[in-house]
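Remarks on the structure that follows.
The values are calculated or read from the model by the stated rules, or taken from the named source; none is laboratory data. Fair warning: this is a prediction, and the values are worked out from it, not measured in the lab. No Cβ is skipped: glycine too gets one built from the backbone with ideal geometry, and neighbour counts run over all protein chains shown. For the accessible areas, the whole protein counts, side chains as well, though only heavy atoms, and no ligand, DNA or RNA atoms are used. Shrake-Rupley method; radii C 1.70, N 1.55, O 1.52, S 1.80 Å.
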Amino acid sequence: MVGRIYEMIEFLESKGLDTIYLSLPWFLSDQTSAQMDEYYKKNLNWLCTVDETSRPSWHAYKYSLSSDAVDQLMEQFDKVNQRQWKTKVRYNPEIEYDRIKDFILGSAKPVQNKTQCLAIKQRMDVFPNGDVISCKFFPEMLAGNLTQESVGGIIATAKAVKTISASILLAS
């Protein structure tokens, strides 16, 4: 399918779609996952949602494309970017075009050169089971559960206040 992205966008545009998001595969190397383990143990162990018998969610981001497929993908993106579309075409995550290849290949360099993730301070995601988290990618960032308490109650808890006030460093 990598070699047919342009064709897919043409098809979706012909169906009248307003916006198309091309979600890039997020690959975290074993080394990056190990660094995240250490950071979590050192700075976020008070969240207590990762025990010694389970692997944190960031170990799941292991899907990667071969370098040939990445080259083919970049050729498709070049073709897509050269055309004026009626449909809005966006990349997810929003990333500088010249950084896409490194991102897909698992570079540890943060997207958009950010050194902090502010999601933990700015958002509240709710899972179907009522879990309230600050990052949909990392359910370990659990602040509470709506089946057990109100939004106001969750926000007022010491754990949520500490979670919301935390600032996660992505790069040193």
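Each residue in the stretch 63-84 was checked for being part of a loop (DSSP other than H, G, I, E, B) and surrounded by 13 or more Cβ atoms within 10 Å (Cβ to Cβ), and 2 pass. Of the candidates Glu38, Glu13, the single residue that is assigned to a helix (DSSP H, G or I), in contact with a strand residue (DSSP E or B) (Cβ under 9 Å, 6 or more places away or on another chain) and not polar (S, T, N, Q) is Glu13.
For the stretch 138-160, taking the residues that are assigned to a helix (DSSP H, G or I) and modelled with pLDDT of 65 or more, the one that is least open to solvent (accessible area, probe 1.4 Å) is identified as Ile154. Pairs only if they're at least six apart or on different chains, beta carbon under 9 angstrom, first in the stretch 45-61 and among the small types (Gly, Ala, Ser), second at pLDDT 70 or above and surrounded by 10 or more Cβ atoms within 10 Å (Cβ to Cβ); list them, first residue then second. Within 9 Å, the pairs are Ser57/Phe137; Ser57/Phe138; Ser57/Pro139; Ser57/Glu140; Ala60/Leu28. Of all the numbered requirements in (1) touching a residue at least 60 places away in the same chain (Cβ under 8 Å); (2) closer than 24 Å to Gln112 by Cβ, Leu17 misses one, and that requirement is (2).
Restricting attention to the stretch 85-98, the residues being closer than 20 Å to Gln112 by Cα and in a loop (DSSP other than H, G, I, E, B) number 4. Quick one: is Tyr6 outside any helix (DSSP H, G or I) and in contact (Cβ under 8 Å) with a residue 24 or more places away in the chain? No, not satisfied. Yes or no: the stretch 121-131 includes at least one residue that is in contact with a strand residue (DSSP E or B) (Cβ under 7 Å, 6 or more places away or on another chain), surrounded by 13 or more Cβ atoms within 10 Å (Cβ to Cβ) and either modelled with pLDDT under 70 or part of a helix (DSSP H, G or I) (or both). No, every residue in the stretch 121-131 fails to be in contact with a strand residue (DSSP E or B) (Cβ under 7 Å, 6 or more places away or on another chain), surrounded by 13 or more Cβ atoms within 10 Å (Cβ to Cβ) and either modelled with pLDDT under 70 or part of a helix (DSSP H, G or I) (or both). Of all residues in the stretch 13-27, those satisfying the criterion of being of a type in the set (A, V, I, L, M, F, W, C) and open to solvent by less than 40 Å² (accessible area, probe 1.4 Å) are Ile20, Leu22, Leu24.
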